[in-house]
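The values are calculated or read from the model by the stated rules, or taken from the named source; none is laboratory data. Since the model is a prediction, treat every value here as computed from it, not as a measurement. Quick reminder, even Gly has a Cβ in these numbers, built from the backbone with ideal geometry, and neighbours come from all protein chains shown. These area figures cover heavy atoms from the full protein model, side chains too; ligands, DNA and RNA do not enter into them. Shrake-Rupley method; radii C 1.70, N 1.55, O 1.52, S 1.80 Å.
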Amino acid sequence: MFIAEKGIEGIERVLLDLNAGDHRSAAFTARNPIARVPVLELDDGRFLAESRAICTYLEGLYPEPNLMGVTTEERAFIEMADRQVELHFMVMIANCIRHTHPGLATLENPQFPDFGASQGTKVLDAARVLDARLADQPWMAGDRFTIADITAFCGIEFGKLAKFKPADQGLVHLAAWRDRVAARPSAKL
Ligand SMILES: N[C@@H](CCC(=O)N[C@@H](CS)C(=O)NCC(=O)O)C(=O)O
């Protein structure tokens with residue numbers, strides 16, 4: 001989604017089948033020893049993992065449209081919003097699904113369903129905080145669309161596997177924000 005928002009062309013996409021264990025192959029762990037996607041292969045043959053690190057790199061190469069902040073102050077506040085939605089919203093959604101959904105049993109072995117359920121409760125608490133934030137501002141980090149919106153949107157879309165829908169919870173601001181992001185061309189890829 002970040003690549004699409006930037007309009008970057010020419011990055012070849014290689015899809016892996018995680019349930020088949022493609023990311024645990026020797027060929028892939030040579031690229032990222034912790035066996036996680038995504039990984040960006042640079043022209044000089046090095047491999048860059050971690051979504052946010054990849055985004056930082058692409059933001060440097062393709063500064064427009066800016067998604068991570070221009071001034072030091074703006075960069076810091078966008079990073080704060082992005083890390084909050086990643087670590088205190090998306091990770092809980094991921095853990096809830098990874099520990100409760102049968103389709104994730106291959107990746108999360110052993111699963112701890114009680115832990116997953118507790119994470120699901122915390123997702124709702126975090127979602128209420130985000131809903132309150134969006135009552136006062138149009139986007140996750142303030143008055144413009146940024147990487148924090150991409151991270152939160154990916155979390156919410158993943159959350160569908162746990163039947164988490166902001167509208168069903170009465171989170172009207174979060175639901176309206178989600179629909180605004182979903183209408184962007186980058187969300188349709
Ligand atoms: N912090 C990493 C997380 C990467 C991650 O967990 N990716 C998942 C797919 S969304 C994965 O590779 N899962 C493989 C597994 O759980 O074995 C990032 O932001 O890139």
Checklist outcome for this item: Conditions (1) open to solvent by less than 40 Å² (accessible area, probe 1.4 Å); (2) within 11 Å of the ligand (Cβ to nearest atom) -> residue 6 fails only (2)
Item to check | Filter result (open to solvent by less than 90 Å² (accessible area, probe 1.4 Å), assigned to a helix (DSSP H, G or I) and either of a type in the set (Lys, Arg) or not assigned by TED's automatic domain parsing to the domain that holds residue 122 (or both)) within segment 167-185 | outcome: 178
Item to check | Selected residue [part of a loop (DSSP other than H, G, I, E, B), of a type in the set (Phe, Trp, Tyr) and either farther than 26 Å from residue 75 by Cβ or free of Cβ contacts under 8 Å to residues at least 40 places away in the same chain (or both)] from 164, 145, 115 | outcome: 164
Item to check | Search result, residues across segment 63-112 that are in a loop (DSSP other than H, G, I, E, B), within 19 Å of the chain's Cα centre (by Cα) and within 12 Å of the ligand (Cβ to nearest atom) | outcome: 107, 108
Item to check | Condition broken by residue 53, with the remaining ones in (1) assigned to a loop (DSSP other than H, G, I, E, B); (2) within 16 Å of the ligand (Cβ to nearest atom); (3) loosely packed, with under 14 Cβ neighbours inside 10 Å satisfied | outcome: (1)
